[in-house]
Amino acid sequence: MTSSYQVFARRVRSDLRFQYRAIRMAVDWVIAIYFVIPLLIVAGYHYYAWYMTPPTWLSGISIHTVATLFYIYTWMGTLRYFVEEGDQLFLRQNEGWFRHIMHLGYRYSVVLQAITMMLATLLFLPLLVPVYAYTITQVVCFWLLAYVVKLNIGLIRQLLALRFQRFMLWLLRIVAFACGFILFQVLLTKINDQTFISWAAIGLGILTFVLLTKTRLREKGAFFADVARERDARMRIVSLMLIRVTERKRKPTRRYPLFFSRSQRLLKGKGAGNGIAELLVKSYFRNGLQWRQSIQFVVVISGALFILPGAIKILVWILAVVLLVFWRKSFCKDELTTPFLSLFPIRDTMKHQAIQTAIPILVLPAMIVISLVAGISLFTWWGPIVMIGAAIPLTYGTSSVFTSWY
(Lines give C-alpha, C1' and ligand atoms only; values in the text may rest on other atoms or scores of the structure.)
Protein backbone atom coordinates (compact mmCIF):
# COMPACT_ATOMS: atom_id res chain seq x y z
CA MET A 1 0.00 0.00 0.00
CA THR A 2 1.25 3.48 -0.88
CA SER A 3 2.41 5.52 2.12
CA SER A 4 2.59 9.27 2.60
CA TYR A 5 6.38 9.11 2.30
CA GLN A 6 6.08 7.41 -1.12
CA VAL A 7 3.66 10.10 -2.28
CA PHE A 8 6.10 12.80 -1.21
CA ALA A 9 9.06 11.03 -2.86
CA ARG A 10 7.06 10.72 -6.09
CA ARG A 11 6.32 14.45 -6.05
CA VAL A 12 9.97 15.36 -5.46
CA ARG A 13 11.09 13.14 -8.35
CA SER A 14 8.40 14.66 -10.57
CA ASP A 15 9.54 18.17 -9.66
CA LEU A 16 13.20 17.38 -10.35
CA ARG A 17 12.37 15.85 -13.73
CA PHE A 18 10.25 18.88 -14.60
CA GLN A 19 13.06 21.32 -13.71
CA TYR A 20 15.56 19.23 -15.67
CA ARG A 21 13.35 19.29 -18.77
CA ALA A 22 12.87 23.04 -18.37
CA ILE A 23 16.64 23.58 -18.28
CA ARG A 24 17.08 21.30 -21.29
CA MET A 25 14.70 23.56 -23.22
CA ALA A 26 17.15 26.46 -22.84
CA VAL A 27 20.49 24.59 -22.75
CA ASP A 28 20.84 21.92 -25.38
CA TRP A 29 24.00 19.98 -26.08
CA VAL A 30 25.31 22.56 -28.57
CA ILE A 31 25.08 25.42 -26.05
CA ALA A 32 26.50 23.18 -23.31
CA ILE A 33 29.53 22.16 -25.38
CA TYR A 34 30.37 25.51 -26.98
CA PHE A 35 29.33 27.92 -24.22
CA VAL A 36 28.45 26.49 -20.80
CA ILE A 37 31.36 24.05 -20.38
CA PRO A 38 34.06 26.51 -21.57
CA LEU A 39 32.54 29.18 -19.33
CA LEU A 40 32.67 26.85 -16.32
CA ILE A 41 36.29 25.96 -17.05
CA VAL A 42 37.32 29.61 -17.32
CA ALA A 43 35.33 30.51 -14.21
CA GLY A 44 36.87 27.63 -12.27
CA TYR A 45 40.38 28.68 -13.30
CA HIS A 46 39.83 32.28 -12.23
CA TYR A 47 38.18 31.16 -8.99
CA TYR A 48 41.25 29.13 -8.05
CA ALA A 49 43.64 31.88 -9.16
CA TRP A 50 41.76 34.55 -7.18
CA TYR A 51 41.66 32.34 -4.10
CA MET A 52 45.41 31.74 -4.21
CA THR A 53 46.40 35.27 -5.28
CA PRO A 54 43.49 37.72 -5.13
CA PRO A 55 43.72 40.67 -7.57
CA THR A 56 44.03 44.13 -6.10
CA TRP A 57 40.57 45.24 -7.21
CA LEU A 58 38.95 42.61 -4.97
CA SER A 59 40.09 44.56 -1.93
CA GLY A 60 37.89 47.43 -3.12
CA ILE A 61 34.74 45.34 -2.52
CA SER A 62 33.63 46.01 1.03
CA ILE A 63 31.89 43.58 3.36
CA HIS A 64 28.79 45.79 3.09
CA THR A 65 28.58 45.01 -0.63
CA VAL A 66 28.79 41.27 0.04
CA ALA A 67 26.20 41.58 2.81
CA THR A 68 23.85 43.41 0.44
CA LEU A 69 24.15 40.70 -2.21
CA PHE A 70 23.56 37.95 0.34
CA TYR A 71 20.58 39.76 1.82
CA ILE A 72 18.98 40.09 -1.60
CA TYR A 73 19.53 36.36 -2.05
CA THR A 74 17.97 35.62 1.35
CA TRP A 75 14.86 37.51 0.24
CA MET A 76 14.50 35.28 -2.83
CA GLY A 77 12.97 31.82 -2.92
CA THR A 78 10.46 30.26 -0.57
CA LEU A 79 9.85 27.27 1.68
CA ARG A 80 7.75 24.66 -0.11
CA TYR A 81 5.28 22.11 1.22
CA PHE A 82 4.60 20.08 -1.97
CA VAL A 83 0.83 20.32 -1.73
CA GLU A 84 -1.31 20.11 -4.87
CA GLU A 85 -4.84 21.11 -5.82
CA GLY A 86 -5.97 17.50 -6.00
CA ASP A 87 -5.17 17.07 -2.31
CA GLN A 88 -8.39 18.90 -1.52
CA LEU A 89 -10.37 15.93 -2.83
CA PHE A 90 -8.25 13.06 -1.53
CA LEU A 91 -5.43 13.74 0.93
CA ARG A 92 -7.35 16.33 2.95
CA GLN A 93 -9.66 13.50 3.96
CA ASN A 94 -6.66 11.84 5.64
CA GLU A 95 -5.31 14.57 7.90
CA GLY A 96 -2.37 12.45 9.07
CA TRP A 97 -1.07 11.86 5.56
CA PHE A 98 -1.59 15.44 4.49
CA ARG A 99 0.25 16.87 7.51
CA HIS A 100 3.08 14.36 7.07
CA ILE A 101 3.57 15.36 3.41
CA MET A 102 3.63 19.04 4.40
CA HIS A 103 6.24 18.36 7.09
CA LEU A 104 8.37 16.31 4.69
CA GLY A 105 8.20 19.05 2.06
CA TYR A 106 9.10 21.65 4.66
CA ARG A 107 12.13 19.66 5.85
CA TYR A 108 13.21 19.06 2.25
CA SER A 109 13.09 22.83 1.60
CA VAL A 110 15.07 23.58 4.76
CA VAL A 111 17.83 21.16 3.75
CA LEU A 112 17.84 22.46 0.18
CA GLN A 113 18.17 26.04 1.43
CA ALA A 114 21.19 25.00 3.51
CA ILE A 115 22.88 23.49 0.44
CA THR A 116 22.22 26.48 -1.82
CA MET A 117 23.40 28.93 0.85
CA MET A 118 26.55 26.87 1.33
CA LEU A 119 27.25 27.02 -2.42
CA ALA A 120 26.72 30.79 -2.38
CA THR A 121 29.16 31.11 0.53
CA LEU A 122 31.76 28.97 -1.27
CA LEU A 123 31.39 31.22 -4.31
CA PHE A 124 32.61 34.17 -2.22
CA LEU A 125 35.54 32.35 -0.60
CA PRO A 126 38.14 34.34 -2.63
CA LEU A 127 36.80 37.40 -0.84
CA LEU A 128 36.14 35.98 2.62
CA VAL A 129 39.42 34.16 3.23
CA PRO A 130 42.27 35.95 1.39
CA VAL A 131 40.83 39.49 1.44
CA TYR A 132 38.79 39.67 4.66
CA ALA A 133 41.09 37.18 6.48
CA TYR A 134 38.23 34.99 7.70
CA THR A 135 39.07 31.79 9.50
CA ILE A 136 37.22 28.55 8.83
CA THR A 137 35.11 29.14 11.94
CA GLN A 138 34.17 32.62 10.75
CA VAL A 139 33.25 31.31 7.30
CA VAL A 140 30.96 28.74 8.92
CA CYS A 141 29.49 31.51 11.07
CA PHE A 142 28.92 33.60 7.93
CA TRP A 143 27.11 30.71 6.22
CA LEU A 144 24.96 29.84 9.23
CA LEU A 145 24.00 33.45 9.83
CA ALA A 146 22.89 33.99 6.23
CA TYR A 147 21.10 30.62 6.26
CA VAL A 148 19.17 31.31 9.48
CA VAL A 149 18.19 34.77 8.24
CA LYS A 150 16.94 33.27 4.96
CA LEU A 151 14.78 30.72 6.79
CA ASN A 152 13.25 33.33 9.10
CA ILE A 153 12.59 35.74 6.25
CA GLY A 154 10.88 33.00 4.25
CA LEU A 155 8.53 32.20 7.12
CA ILE A 156 7.84 35.85 7.93
CA ARG A 157 6.93 36.57 4.30
CA GLN A 158 4.54 33.60 4.26
CA LEU A 159 2.84 34.63 7.49
CA LEU A 160 2.46 38.22 6.28
CA ALA A 161 0.95 37.03 2.98
CA LEU A 162 -1.54 34.83 4.85
CA ARG A 163 -2.69 37.51 7.30
CA PHE A 164 -2.55 40.76 5.33
CA GLN A 165 -3.50 41.89 1.84
CA ARG A 166 -2.88 44.65 -0.66
CA PHE A 167 -1.54 47.94 0.69
CA MET A 168 -0.95 46.72 4.24
CA LEU A 169 0.94 43.67 2.96
CA TRP A 170 3.02 45.86 0.64
CA LEU A 171 3.82 48.28 3.48
CA LEU A 172 4.75 45.52 5.94
CA ARG A 173 7.01 43.87 3.37
CA ILE A 174 8.89 47.15 2.89
CA VAL A 175 9.28 47.56 6.65
CA ALA A 176 10.43 43.94 7.05
CA PHE A 177 12.91 44.29 4.18
CA ALA A 178 14.40 47.51 5.58
CA CYS A 179 14.66 46.25 9.17
CA GLY A 180 16.13 42.93 8.06
CA PHE A 181 18.66 44.69 5.81
CA ILE A 182 19.96 46.92 8.62
CA LEU A 183 20.16 44.01 11.09
CA PHE A 184 21.88 41.75 8.56
CA GLN A 185 24.49 44.41 7.74
CA VAL A 186 25.29 44.93 11.42
CA LEU A 187 25.59 41.22 12.20
CA LEU A 188 27.81 40.37 9.23
CA THR A 189 30.21 43.20 9.95
CA LYS A 190 30.64 41.86 13.49
CA ILE A 191 31.94 38.45 12.36
CA ASN A 192 35.52 39.62 11.91
CA ASP A 193 35.70 41.72 15.09
CA GLN A 194 33.23 40.24 17.58
CA THR A 195 32.32 36.76 16.40
CA PHE A 196 30.44 35.90 19.60
CA ILE A 197 27.75 38.47 18.71
CA SER A 198 27.11 36.69 15.40
CA TRP A 199 27.03 33.29 17.10
CA ALA A 200 24.54 34.64 19.64
CA ALA A 201 22.45 35.99 16.76
CA ILE A 202 22.53 32.55 15.12
CA GLY A 203 21.26 30.93 18.32
CA LEU A 204 18.50 33.51 18.64
CA GLY A 205 17.65 33.04 14.96
CA ILE A 206 17.31 29.28 15.41
CA LEU A 207 14.96 29.82 18.35
CA THR A 208 12.90 32.31 16.33
CA PHE A 209 12.83 29.88 13.43
CA VAL A 210 11.44 27.10 15.63
CA LEU A 211 8.69 29.38 16.96
CA LEU A 212 7.81 30.65 13.47
CA THR A 213 7.75 27.05 12.19
CA LYS A 214 5.20 26.00 14.80
CA THR A 215 3.08 29.05 14.03
CA ARG A 216 3.25 28.49 10.27
CA LEU A 217 2.47 24.78 10.31
CA ARG A 218 -0.54 25.38 12.57
CA GLU A 219 -1.89 28.16 10.36
CA LYS A 220 -5.49 27.54 9.30
CA GLY A 221 -6.90 28.31 5.87
CA ALA A 222 -3.52 28.32 4.13
CA PHE A 223 -4.20 25.47 1.70
CA PHE A 224 -4.92 27.50 -1.44
CA ALA A 225 -2.08 29.92 -0.70
CA ASP A 226 0.30 26.95 -0.35
CA VAL A 227 -0.97 25.50 -3.64
CA ALA A 228 -0.38 28.81 -5.45
CA ARG A 229 3.09 29.15 -3.90
CA GLU A 230 3.96 25.58 -4.91
CA ARG A 231 2.80 26.24 -8.46
CA ASP A 232 4.90 29.41 -8.69
CA ALA A 233 7.97 27.64 -7.30
CA ARG A 234 7.56 24.76 -9.75
CA MET A 235 7.18 27.11 -12.73
CA ARG A 236 9.99 29.49 -11.74
CA ILE A 237 12.48 28.38 -14.42
CA VAL A 238 9.83 28.04 -17.11
CA SER A 239 8.39 31.48 -16.34
CA LEU A 240 11.83 33.05 -16.88
CA MET A 241 12.02 31.53 -20.36
CA LEU A 242 8.43 32.44 -21.23
CA ILE A 243 8.49 35.96 -19.82
CA ARG A 244 8.18 37.45 -23.31
CA VAL A 245 5.50 35.00 -24.43
CA THR A 246 2.97 34.99 -21.63
CA GLU A 247 0.17 37.53 -21.82
CA ARG A 248 -1.84 38.89 -18.94
CA LYS A 249 -5.20 40.56 -19.17
CA ARG A 250 -4.94 44.17 -18.13
CA LYS A 251 -7.53 45.53 -15.78
CA PRO A 252 -8.94 48.87 -16.92
CA THR A 253 -8.03 51.24 -14.11
CA ARG A 254 -8.29 54.61 -15.85
CA ARG A 255 -10.68 55.95 -18.45
CA TYR A 256 -7.93 58.12 -19.91
CA PRO A 257 -4.19 57.39 -19.82
CA LEU A 258 -2.09 59.30 -17.32
CA PHE A 259 0.49 60.32 -19.92
CA PHE A 260 -0.30 61.77 -23.36
CA SER A 261 -4.04 61.66 -22.72
CA ARG A 262 -4.70 64.01 -25.65
CA SER A 263 -2.47 62.02 -28.04
CA GLN A 264 -0.42 65.11 -28.89
CA ARG A 265 2.45 64.92 -31.34
CA LEU A 266 5.85 64.11 -29.84
CA LEU A 267 8.26 64.05 -32.77
CA LYS A 268 8.79 66.46 -35.61
CA GLY A 269 8.58 65.29 -39.16
CA LYS A 270 6.29 63.05 -41.12
CA GLY A 271 6.41 59.49 -42.32
CA ALA A 272 5.52 56.03 -41.11
CA GLY A 273 8.74 55.69 -39.11
CA ASN A 274 8.00 58.72 -36.94
CA GLY A 275 4.40 57.66 -36.48
CA ILE A 276 5.39 54.18 -35.31
CA ALA A 277 8.07 55.65 -33.04
CA GLU A 278 5.44 57.86 -31.37
CA LEU A 279 3.22 54.82 -30.91
CA LEU A 280 6.08 52.93 -29.23
CA VAL A 281 6.87 55.82 -26.89
CA LYS A 282 3.25 56.30 -25.86
CA SER A 283 2.73 52.54 -25.43
CA TYR A 284 5.68 52.38 -23.07
CA PHE A 285 4.76 55.39 -20.94
CA ARG A 286 1.17 54.15 -20.67
CA ASN A 287 2.26 50.66 -19.56
CA GLY A 288 2.15 50.42 -15.77
CA LEU A 289 4.10 47.16 -15.65
CA GLN A 290 7.01 48.70 -17.55
CA TRP A 291 7.03 51.68 -15.23
CA ARG A 292 7.09 49.51 -12.09
CA GLN A 293 9.88 47.33 -13.43
CA SER A 294 11.89 50.38 -14.49
CA ILE A 295 11.55 51.95 -11.04
CA GLN A 296 12.71 48.71 -9.42
CA PHE A 297 15.68 48.55 -11.81
CA VAL A 298 16.65 52.16 -11.06
CA VAL A 299 16.39 51.58 -7.29
CA VAL A 300 18.60 48.46 -7.42
CA ILE A 301 21.25 50.06 -9.65
CA SER A 302 21.23 53.26 -7.59
CA GLY A 303 21.73 51.31 -4.38
CA ALA A 304 24.62 49.39 -5.95
CA LEU A 305 26.28 52.65 -7.07
CA PHE A 306 26.36 53.92 -3.49
CA ILE A 307 27.97 50.70 -2.23
CA LEU A 308 30.47 49.83 -4.97
CA PRO A 309 33.94 51.42 -5.17
CA GLY A 310 34.71 54.20 -7.67
CA ALA A 311 36.17 52.18 -10.55
CA ILE A 312 33.34 49.65 -10.55
CA LYS A 313 30.72 52.44 -10.43
CA ILE A 314 31.58 53.38 -14.02
CA LEU A 315 31.34 49.77 -15.19
CA VAL A 316 27.92 49.35 -13.53
CA TRP A 317 26.81 52.69 -15.02
CA ILE A 318 27.77 51.56 -18.53
CA LEU A 319 26.23 48.13 -17.96
CA ALA A 320 22.98 49.82 -16.87
CA VAL A 321 22.58 51.69 -20.15
CA VAL A 322 23.33 48.53 -22.15
CA LEU A 323 20.70 46.56 -20.22
CA LEU A 324 18.16 49.38 -20.60
CA VAL A 325 18.71 49.55 -24.37
CA PHE A 326 18.25 45.79 -24.76
CA TRP A 327 15.18 45.92 -22.50
CA ARG A 328 13.55 48.74 -24.44
CA LYS A 329 14.43 47.12 -27.76
CA SER A 330 12.74 43.90 -26.64
CA PHE A 331 9.65 45.88 -25.58
CA CYS A 332 9.50 47.71 -28.93
CA LYS A 333 9.85 44.52 -30.95
CA ASP A 334 7.04 42.93 -28.95
CA GLU A 335 4.83 45.97 -29.51
CA LEU A 336 5.47 45.82 -33.26
CA THR A 337 4.02 42.29 -33.37
CA THR A 338 0.65 43.29 -31.89
CA PRO A 339 -2.46 42.32 -33.89
CA PHE A 340 -3.33 45.99 -34.51
CA LEU A 341 -0.06 46.79 -36.30
CA SER A 342 -0.17 43.53 -38.23
CA LEU A 343 -3.19 44.92 -40.09
CA PHE A 344 -0.94 47.42 -41.87
CA PRO A 345 1.72 46.59 -44.50
CA ILE A 346 4.65 48.03 -42.55
CA ARG A 347 8.07 47.22 -43.95
CA ASP A 348 10.91 46.08 -41.71
CA THR A 349 12.93 49.17 -42.64
CA MET A 350 10.19 51.40 -41.19
CA LYS A 351 10.07 49.32 -38.01
CA HIS A 352 13.83 49.52 -37.72
CA GLN A 353 13.75 53.29 -38.14
CA ALA A 354 11.01 53.59 -35.52
CA ILE A 355 13.02 51.54 -33.00
CA GLN A 356 16.13 53.64 -33.58
CA THR A 357 14.11 56.80 -32.96
CA ALA A 358 12.14 55.59 -29.93
CA ILE A 359 14.73 53.75 -27.84
CA PRO A 360 16.85 56.78 -26.77
CA ILE A 361 13.66 58.52 -25.61
CA LEU A 362 12.65 55.46 -23.59
CA VAL A 363 16.09 54.96 -22.04
CA LEU A 364 16.93 58.56 -21.11
CA PRO A 365 14.54 59.05 -18.12
CA ALA A 366 15.87 56.06 -16.20
CA MET A 367 19.45 56.76 -17.27
CA ILE A 368 19.32 60.37 -16.10
CA VAL A 369 18.17 59.28 -12.63
CA ILE A 370 20.88 56.60 -12.45
CA SER A 371 23.51 59.13 -13.59
CA LEU A 372 22.34 61.65 -11.00
CA VAL A 373 22.70 59.05 -8.24
CA ALA A 374 26.11 58.00 -9.63
CA GLY A 375 27.24 61.63 -9.52
CA ILE A 376 25.98 62.10 -5.97
CA SER A 377 27.75 58.91 -4.87
CA LEU A 378 31.07 60.46 -5.95
CA PHE A 379 30.59 63.07 -3.18
CA THR A 380 31.73 65.98 -5.34
CA TRP A 381 29.88 69.09 -6.51
CA TRP A 382 30.71 68.40 -10.15
CA GLY A 383 29.79 64.68 -10.06
CA PRO A 384 26.04 64.99 -10.88
CA ILE A 385 26.70 67.56 -13.64
CA VAL A 386 29.37 65.47 -15.35
CA MET A 387 27.48 62.18 -15.06
CA ILE A 388 24.20 63.60 -16.40
CA GLY A 389 26.08 65.36 -19.18
CA ALA A 390 27.81 62.11 -20.12
CA ALA A 391 24.57 60.09 -19.88
CA ILE A 392 22.99 61.74 -22.94
CA PRO A 393 25.73 60.93 -25.51
CA LEU A 394 26.26 57.52 -23.91
CA THR A 395 22.56 56.73 -24.27
CA TYR A 396 22.37 57.84 -27.89
CA GLY A 397 25.65 56.13 -28.76
CA THR A 398 24.69 52.83 -27.13
CA SER A 399 21.24 52.94 -28.72
CA SER A 400 22.78 53.58 -32.12
CA VAL A 401 25.16 50.62 -31.76
CA PHE A 402 22.67 48.07 -30.45
CA THR A 403 19.86 49.10 -32.80
CA SER A 404 22.03 48.97 -35.91
CA TRP A 405 20.35 45.61 -36.59
CA TYR A 406 16.63 44.86 -36.33
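The values are calculated or read from the model by the stated rules, or taken from the named source; none is laboratory data. Model, not experiment: these values are computed from the prediction. Please note: Cβ atoms are built from the backbone with ideal geometry, for glycine as well, and neighbour counts cover all protein chains shown. Ligands, DNA and RNA are stripped out before the accessible areas are found, and what is left, the full protein with its side chains, is counted by its heavy atoms. Shrake-Rupley method; radii C 1.70, N 1.55, O 1.52, S 1.80 Å.
The sole residue among F306, F297, F326 that is closer than 30 Å to G275 by Cα, touching a residue at least 60 places away in the same chain (Cβ under 8 Å) and open to solvent by 70 Å² or more (accessible area, probe 1.4 Å) is F326. Only one of the numbered conditions (1) more than 21 Å from F297 (Cα to Cα); (2) surrounded by 13 or more Cβ atoms within 10 Å (Cβ to Cβ) is violated by F402, and that is (1). With respect to (1) among the basic types (K, R); (2) in contact with an Asp or Glu (Cβ under 9 Å, 6 or more places away or on another chain); (3) modelled with pLDDT of 80 or more, the lone exception for R244 is condition (3).
Each residue in the range 73-110 was checked for being exposed (fewer than 13 other Cβ atoms within 10 Å of the Cβ) and hydrophobic (A, V, I, L, M, F, W, C), and 3 pass.
Filtering the range 156-183 to residues that are open to solvent by less than 40 Å² (accessible area, probe 1.4 Å) and more than 19 Å from the chain's Cα centre (by Cα) leaves L159, L160, L169. Looking across L188, L217, one residue alone is over 30 Å from Y132 (Cβ atoms) and surrounded by 12 or more Cβ atoms within 10 Å (Cβ to Cβ). It is L217.
For the range 214-224, taking the residues that are over 26 Å from the mean Cα position of the chain (by Cα) and part of a helix (DSSP H, G or I), the one that is nearest to L79 (Cα to Cα) is identified as L217. Annotation note: of V111, V186, the sole residue that is among the β-branched types (V, I, T) and under 30 Å from E85 (Cα atoms) is V111. Within the range 129-149, if we keep just the residues that are touching a residue at least 60 places away in the same chain (Cβ under 8 Å) and open to solvent by less than 10 Å² (accessible area, probe 1.4 Å), the residue that is nearest to the chain's Cα centre (by Cα) turns out to be A146.
Take the conditions (1) open to solvent by 70 Å² or more (accessible area, probe 1.4 Å); (2) touching a helix residue (DSSP H, G or I) at 6+ places or on another chain (Cβ under 6 Å); K313 misses just one of them, which is (1). S371 is checked against (1) at pLDDT 80 or above; (2) hydroxyl-bearing (S, T, Y); (3) not in a helix (DSSP H, G or I) and fails just one. What number does that condition carry? Checking S371 against (1) at pLDDT 80 or above; (2) hydroxyl-bearing (S, T, Y); (3) not in a helix (DSSP H, G or I), the one that fails is (3). Of all the numbered requirements in (1) modelled with pLDDT of 90 or more; (2) not in a helix (DSSP H, G or I), V83 misses one, and that requirement is (1).
Flag: S109 does not match the condition of being over 24 Å from the mean Cα position of the chain (by Cα), closer than 30 Å to I191 by Cβ, of a type outside the set (V, I, T) and assigned to a helix (DSSP H, G or I).
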